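Sharing a structure, written as structure tokens. Questions coming.
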Amino acid sequence: MIESRDEIGGTWDLFRYPGIRSDSDMFTMGFSFRPWTEPRAISSGESIRQYVNDAADEFDLRRHIRFGWTVTAADWDSAPGHWNVTLVGHTGGIHAGETLTVTARFLFMCSGYYRYSQGYLPSFPGIDDYEGVLVHPQRWDAAIDYSGKRVVVIGSGATAMTLVPAMAESAAKVTMLQRSPTYVTSMPSIDQGAVNLRRRFGDRWGFHLSRWRKIIEAMVFFNLCRRQPARVRRMLLGGVRAQLGPDYDIATHFTPDYNPWEQRLCLVPDGDLFAAIRSGRVKVVTDQIEHFDAQGVLLKSGERLDADIVVTATGLVLQLFGGAEISVDGVSVDWGSRYMYRGMMFNGVPNFANAIGYTNASWTLKCDLTCEYVTRVLNRMERDGAAWACPDDPSTEIEPEPMLDFSSGYVRRSIDHLPKQGTRTPWKLYQNYLRDLLALRYGRLRDGVLRFGSGALRTEKPGAITGALQDDTSHCRSVADIAGG
């Protein structure tokens, strides 16, 4: 396993901004094989980081990880039937300045979906004139002291919703400046139903029962959003009105111009954002930025927001495979022309898989199933003596659709460069855990699309594959480990 950072934790090691927490319940976000036993279902980043580290130690994984290396390129060589993977020492890490090439029979990318090095920052006019502290949450400086300061947080997504109430605890005033509103709902941070299940059935069974309860609740709610959006809209806005009262301008600040779940719903534990607004410590402003000046931000409405600190919670930059350049026989893969097979593999790219999660539920639910499926593929390759596994081209009857059916800005900015999904199985991303569970855990591997073969695999044209099938002259290891040759 290759890890660019020097520690385990990924997102939960990278993001250290005030209030960092999960935006999904930990029963579905946690590992299926390791029960989440803390009382808080919506948990802090620190607790999640500890949970991930404890899991790594429990299964003795650290000795299999090469820390401080970044995968910058990988090229499939059809003649020997393996990947040549280029590793570069992570800047500032223990191997900085070093380069290493390793080979792998199978490459499994688990690098997430956004650029780690830097978040998204729009080109705000005059931003260089601002003399206060300017920080993006993705690069938070622990030395920042916001006690008694005037803070402006730009954004209306999950990060902003987390930062604002956390910073309001000690800041003089926090203003959440948003261009457009987001659907927001409150949820208890401690799930009393889960607590009761644990008391009655113990940690293990209580966890699994709570996990399935949350999975089903999320599926029902998502389907309700798609089938009866007006009803869900009234329900969500009614919840906000109950928190903020009839005199608050909910139409301006909490009523989006899209239907629920066309963008991700924001969760606020125990209504902390609403409580901060009611207290007067937080103000929500819905407007557009005209320009920055030395003291703060001037808005298009003419209002100005003076600030000692401006936090640009303006989103992520989508980036697949950690930014690595992927090629097949020396030809760079054009991902915008590829289709995702079962949400993880790609036509014409052999022995390659990528872990992508759900956008309408906990991300890790789909990643968990993806790992199961990749393991099934590897074990089948080993059992059959196959050297490669590769999805064939989709039928010409399949119409391309965007990989992510989401209207969020960070998705729209990158959609043309992302792989496509199709209109039916196995190219369709259904965003449905039960359907994926049946297909990925119990479905047939030999479905007429995923091909297994031995000997040299040749890509004569983009997506086309040739080679001997079901020949026992080759052998594939049953682990996706690019740390060894």
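The values are calculated or read from the model by the stated rules, or taken from the named source; none is laboratory data. Model, not experiment: these values are computed from the prediction. Reconstructed Cβ throughout: ideal geometry from the backbone, glycine too, with neighbour counts over all protein chains shown.
Quick grid of which residues meet (1) out of contact with any strand residue (DSSP E or B) (no Cβ under 9 Å at 6 or more places or on another chain); (2) at negative phi:
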site	(1), (2)
138	no, yes
142	yes, yes
152	no, yes
155	no, no
161	no, yes
167	no, yes
176	no, yes
180	no, yes
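Table: residues versus (1) in contact with a helix residue (DSSP H, G or I) (Cβ under 8 Å, 6 or more places away or on another chain); (2) in a strand (DSSP E or B).
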residue: 219; (1), (2): yes, no
residue: 239; (1), (2): no, no
residue: 263; (1), (2): no, no
residue: 268; (1), (2): yes, yes
residue: 284; (1), (2): yes, yes
residue: 301; (1), (2): no, no
residue: 305; (1), (2): no, yes
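Hey, residue 360 hits all of (1) at pLDDT 95 or above; (2) farther than 17 Å from residue 444 by Cβ; (3) not hydrophobic (A, V, I, L, M, F, W, C) but one; which does it fall short on?
(1)
I would also like to ask the following. Got a sec? Which of 361, 353, 386 is closer than 20 Å to residue 77 by Cα, among the aliphatic types (A, V, I, L, M) and assigned to a loop (DSSP other than H, G, I, E, B)?
Being closer than 20 Å to residue 77 by Cα, among the aliphatic types (A, V, I, L, M) and assigned to a loop (DSSP other than H, G, I, E, B) holds for just one of 361, 353, 386, which is 386.
From 234, 264, 204, which residue is assigned by TED's automatic domain parsing to the domain that holds residue 173 and surrounded by 14 or more Cβ atoms within 10 Å (Cβ to Cβ)? Spell out the reasoning first.
Working: 234 fails: surrounded by 14 or more Cβ atoms within 10 Å (Cβ to Cβ); 204 fails: surrounded by 14 or more Cβ atoms within 10 Å (Cβ to Cβ).
From the options 234, 264, 204, the qualifying one is 264.
Within segment 104-160, take every residue that is within 16 Å of the chain's Cα centre (by Cα) and among the hydroxyl-bearing types (Ser, Thr, Tyr) and give me the one that is surrounded by the most Cβ atoms within 10 Å (Cβ to Cβ).
So the residue we want is 159.
Within segment 286-299, work out how many residues are in contact with a Ser or Thr (Cβ under 6 Å, 6 or more places away or on another chain) and either assigned to a loop (DSSP other than H, G, I, E, B) or without any contact (Cβ under 8 Å) to a residue 40 or more places away in the chain (or both). Walk me through it before giving the result.
If we filter segment 286-299 for residues that are in contact with a Ser or Thr (Cβ under 6 Å, 6 or more places away or on another chain), which is where we start, we get 286-287.
Among the residues that remain, those that are also either assigned to a loop (DSSP other than H, G, I, E, B) or without any contact (Cβ under 8 Å) to a residue 40 or more places away in the chain (or both) are: 287.
So the count comes out to 1.
Would you point out the residue of segment 404-424, among those that are out of contact with any Gly (no Cβ under 9 Å at 6 or more places or on another chain) and part of a loop (DSSP other than H, G, I, E, B), that is modelled with the lowest pLDDT?
Filtering first and then ranking leaves 407.
How many residues, within segment 294-351, are under 25 Å from the mean Cα position of the chain (by Cα) and among the basic types (Lys, Arg)?
Result for segment 294-351: 2.
Checking residue 397 against (1) surrounded by 19 or more Cβ atoms within 10 Å (Cβ to Cβ); (2) of a type in the set (D, E, K, R); (3) closer than 21 Å to residue 448 by Cβ, which single condition isn't satisfied?
(1)
Under 7 Å between Cβ atoms, which residue pairs at least 6 apart in sequence (or on different chains) link something in segment 436-456 that is in a helix (DSSP H, G or I) with a partner that is among the acidic types (Asp, Glu)?
440/372; 441/372
Here's another thing I want to ask about it. Quick check on segment 1-12: of everything there that is touching a helix residue (DSSP H, G or I) at 6+ places or on another chain (Cβ under 6 Å) and more than 11 Å from residue 69 (Cα to Cα), which residue is surrounded by the fewest Cβ atoms within 10 Å (Cβ to Cβ)?
7
Mind telling me which of the residues 71, 85 ends up being touching a residue at least 24 places away in the same chain (Cβ under 8 Å), closer than 29 Å to residue 328 by Cα and under 20 Å from the mean Cα position of the chain (by Cα)?
So the residue among 71, 85 that is touching a residue at least 24 places away in the same chain (Cβ under 8 Å), closer than 29 Å to residue 328 by Cα and under 20 Å from the mean Cα position of the chain (by Cα) is 71.
Here is a follow-up. Filter segment 170-195 for residues that are touching a residue at least 40 places away in the same chain (Cβ under 8 Å) and in a loop (DSSP other than H, G, I, E, B) and give the result.
Result: 171, 179, 180, 181, 182, 183, 188, 189, 191.
For segment 64-77, does any single residue satisfy the condition of being over 28 Å from residue 404 (Cβ atoms), among the charged types (D, E, K, R), in a loop (DSSP other than H, G, I, E, B) and in the same structural domain as residue 334 (by TED's automatic domain parsing)?
No, segment 64-77 contains no residue that is over 28 Å from residue 404 (Cβ atoms), among the charged types (D, E, K, R), in a loop (DSSP other than H, G, I, E, B) and in the same structural domain as residue 334 (by TED's automatic domain parsing).
In segment 272-282, which residue that is in contact (Cβ under 8 Å) with a residue 40 or more places away in the chain and outside any helix (DSSP H, G or I) is surrounded by the most Cβ atoms within 10 Å (Cβ to Cβ)?
282
Taking only segment 183-200 into account, find how many residues are among the charged types (D, E, K, R) and either surrounded by 13 or more Cβ atoms within 10 Å (Cβ to Cβ) or closer than 22 Å to residue 236 by Cα (or both).
2
Taking the criterion of being at pLDDT 90 or above and surrounded by 14 or more Cβ atoms within 10 Å (Cβ to Cβ), would at least one residue in segment 453-474 satisfy it?
Among the residues of segment 453-474, at least one is at pLDDT 90 or above and surrounded by 14 or more Cβ atoms within 10 Å (Cβ to Cβ), which makes the answer yes.
Specify which of the listed residues (115, 63) is at pLDDT below 95 and closer than 28 Å to residue 32 by Cα. Walk me through it before giving the result.
Working: 63 fails: at pLDDT below 95.
Testing whether each residue is at pLDDT below 95 and closer than 28 Å to residue 32 by Cα leaves just 115.
When segment 414-451 is examined, which residues are found to be at positive phi and surrounded by 17 or more Cβ atoms within 10 Å (Cβ to Cβ)?
Across segment 414-451, the qualifying residue is only 431.
Turning to a different aspect of this structure: Count, please, the residues in segment 285-305 that happen to be under 11 Å from residue 130 (Cβ atoms) and surrounded by fewer than 17 Cβ atoms within 10 Å (Cβ to Cβ).
Count: 4.
Sticking with this structure for a sec: For segment 320-339, state whether one or more residues are touching a Leu at 6+ places or on another chain (Cβ under 6 Å) and not assigned by TED's automatic domain parsing to the domain that holds residue 172.
no
Sticking with this structure for a sec: Among the residues of segment 39-80 satisfying the criterion of being in contact with a strand residue (DSSP E or B) (Cβ under 9 Å, 6 or more places away or on another chain) and aliphatic (A, V, I, L, M), which is surrounded by the fewest Cβ atoms within 10 Å (Cβ to Cβ)?
Checked segment 39-80; the qualifying residue surrounded by the fewest Cβ atoms within 10 Å (Cβ to Cβ) is 79.
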